[in-house]
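Following: one structure in structure tokens, then a few remarks.
Readers should treat all values here as calculations from the given coordinates under stated rules, not as data from a laboratory. From a predicted model like this one, the values you see are computed outputs, not experimental measurements. Virtual Cβ from ideal backbone geometry, glycine too; neighbours counted across all protein chains shown.
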């Protein structure tokens, strides 16, 4: 059993759900979900201390400051550092608490995991680990240049301060090349999934589901247009949309008076899984681009596959290679092609849809379950020098 100190913005799932109600616009849950799964995978046979720098926004969160707290959960100990509204106080106080925790928790054999796309985490790790000869593993979930609203200096800072760690876990080979120019030991895994044991939504009739980023570049407006084309000839179906980082007014204007499209705003991961479990099909309309394909994997597509229902997705080269025809591939994110994909899935019999969904669920759990991930990461830890 190894001792891992995991530095992240992620929180225990129940704590994150309680925190969501204090936000006028919910924070992006994709990093929360990925890191939470990786932490739980590691904890199968390792002791994990999580140092959590919780996401915070003075304009979007109604809490004045976040207090220090701790939570125990089996092999996982969550350590939430205090967060202040004032940026200067946040950095000074945060660094002090991270330093104190590192002195308390770290042993000569501890292995440090660091989220490489958060500047606060990288900064705190750099100073807390100074003069400590500990192995560090960088967790690379996206290219800094893909993060909305960031600057060139943000990208430069992260890449220059994370390029000499002991090892790396990356979602794509492109990310590994970006963060790991010295070719240190690495693991490339497209994602991690839980088994979806949530009870499905049963009272909503026949519907499709989308949950994810609501920014135009991720295809939600193409999905709305595609569904509106679909329902001209196919009656009795609804589309449920949930997500974050979008313009609520623009989404509502795009939906208009269409009673067959329901906007759920931000929902918890448990609610999202329940909607996925009851859907005719779950859809990821994210347009294909070389840059996105090189540096990111649509985590929602993997999550959808655990529902036992068909998954529709626009092209992604990594998932096409690993999952092939377990996914119904949409030719492009155009409204016309989304309409065609929706018509195709409803043309299948209920038995055909069930068979497709169940085979996909079995395959994705075989490749990306907590246990499968645990074995791959433990192998990486053995290779660290």
Quick one: angle between helix 29-42 and the longest Cα principal axis of the chain, in degrees between 0 and 90, rounded to 10, please. 60
Over the chain, consider all pairs of different Cα atoms and compute the Kirkwood hydrodynamic radius from their mean reciprocal separation; express it in Å, one decimal. 21.7
Residue 133 paired with residue 107, simple spin-label distance in nm, labels 7 Å along Cα-to-beta-carbon: 1.8
Give the distance, in whole Å, between the Cα centre of the stretch 243-269 and the Cα centre of the stretch 1-67. 25
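Counting only DSSP beta bridges with both residues in the chain, tell me the antiparallel percent, nearest 5.
Numbers: 7 of 55 bridges.
Taking every DSSP beta bridge with both residues in the chain, the antiparallel ones total about 15 percent.
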Please provide three numbers in whole Å: the alpha-carbon extents of the stretch 39-179 along the principal axes, with the largest listed first. 39, 38, 29
Surface/4 of the Cα convex hull for the stretch 308-385, nm²: 6.4
For all pairs of alpha-carbon atoms in the stretch 54-111, what percent lies in each bin of width 5 Å, listed from the first bin to the last filled one? 4, 16, 23, 22, 16, 11, 6, 2, 0
Using only the C-alpha atoms of the stretch 250-385, find the volume of their convex hull and express it per residue in Å³. 153
Over the alpha-carbon set of the stretch 115-250, divide Rg by the Kirkwood Rh and report the Rg/Rh ratio to two decimals. 1.12
Degrees, to the nearest 10: 335-347 long Cα axis against longest axis of the chain: 70
Considering every pair of different Cα atoms, what Kirkwood radius, in Å, is found for the stretch 1-68? 13.0
Rule-of-thumb check for the stretch 74-147: C-alpha Rg over 2.2 N^0.38 Å? 1.17
For the chain, modelled as a Gaussian network with Cα springs under 10 Å, which listed residue fluctuates most, 320, 371, 95? 320
What the Cα atoms of the stretch 185-332 span along the principal axes, largest first and in whole Å, is 53, 33, 28
CD proxy, 222 nm, the chain: helix-only mean residue ellipticity via -39,500 (n - 2.57) per DSSP H run with n ≥ 4, per residue, nearest 500, stands at -13000 deg cm²/dmol
Angle check, please: helix 370-383 long axis (alpha carbons) against the longest principal axis of the chain (alpha carbons), in degrees 0 to 90, nearest 10. 40
